1. Only counting other Cβ atoms within 10 Å, I'd like K130, K87, K58 sorted with the fewest neighbours first.
2. Under a point-charge model restricted to the Cβ atoms of Lys and Arg (+1) and Asp and Glu (-1), what is the dipole moment magnitude of the chain relative to its Cα centre, in debye to the nearest 20?
3. Points 7 angstrom from Cα along the Cβ direction at R143 and D31: gap in nanometres?
4. Fewest to most neighbouring Cβ within 10 Å: what's the order for Y121, Y144?
5. Return the sequence-ordered ³J(HN,Hα) values of segment 116-124 in whole Hz as given by the Karplus equation 6.51 cos²θ - 1.76 cosθ + 1.60 applied to θ = phi - 60°, using x for Gly and Pro.
6. From the phi angles alone, apply the Karplus equation (6.51, -1.76, 1.60; θ = phi - 60°) to segment 163-179 and give each ³J(HN,Hα) in whole Hz, x where the residue is Gly or Pro.
7. Relative contact order of the chain: what whole-number percent is it, with Cα pairs under 8 angstrom and at least 6 residues apart?
8. If I compute semi-axes √(5λ) of the Cα gyration tensor in Å from the structure I just sent, which labelled value in (1) 29, 17, 15; (2) 27, 19, 17; (3) 32, 17, 14 lines up?
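Every number in this text was worked out from the coordinates using simple rules, so none of it is lab data. Nothing here was measured: the structure is a model prediction, and the numbers come from that model. With ideal geometry, Cβ positions are generated from the backbone for all residues, glycine too; neighbour counts draw on all protein chains shown.
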Amino acid sequence: MSPQSHQTKIILASSSPYRKLLLGQLRFPFDTFAPNVNEIRRPGEEPADLVARLAREKGRAVADQFPDALVIGSDQLAVCDGTVLGKPGTPENAILQLGSFSGRTVEFQTAVAVMCSGSGYLFERTVITKVQFRVLQEEEIHRYVQADNPLDCAGSFKSEALGISLLDSMVSPDPTAIVGLPLIAVSQGLRGAGFDLP
């Protein structure tokens, strides 16, 4: 792929306000475009394969419409004892999820795909974050869900907000991954396409 300048169109294939806020930290202009992708898990599909496929499909859905742009797709899921956990959607589901995490380690997998349909460029990476929840009391969980309203977050908590108080520890090669977009990997993918950062 030919070298890129900051005139290159960058598109974030996401409607997530968290991902938009994170990408803004890299200080270049970009557009957002919501991908229309079926996020149903295929029979027998491993969590790592699922999250990588969804990041790639989200990016591809937008990249095919803008072949000259660099498109960033991303997806995240939580895994606890082999069970894949997505966004809770309701306060009741969030309370149940967090209750099941009490005193346990949950693995958050955050995948990113940076691509250009016109050139065929593709960079993919999945970042693993291991989160150790402290033992949580039922009233703490209820207070937290009411305060932070984490209904659109995989795993039912916001580490960048009050959710950090639920944890004993967090281990990750990229601290931005848990919020939904691993900026170290994104930067690597953009540089690989010839886009200058910083």
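1. K130, K87, K58
2. Charge dipole, the chain, about its Cα centre: 400 debye, nearest 20.
3. In this crude spin-label approximation the distance works out to 4.6 nm.
4. Values: Y121 17, Y144 23.
So the ranking, lowest neighbour count to highest, is Y121, Y144.
5. Each residue of segment 116-124 in turn: 9, 5, x, 9, x, 5, 8, 10, 10 Hz.
6. Whole-Hz 3J(HN,Hα) from phi for segment 163-179: x, 4, 6, 8, 10, 9, 6, 8, 10, 7, x, 9, x, 7, 4, 4, 6.
7. Relative contact order, the chain: 24 percent.
8. (3)
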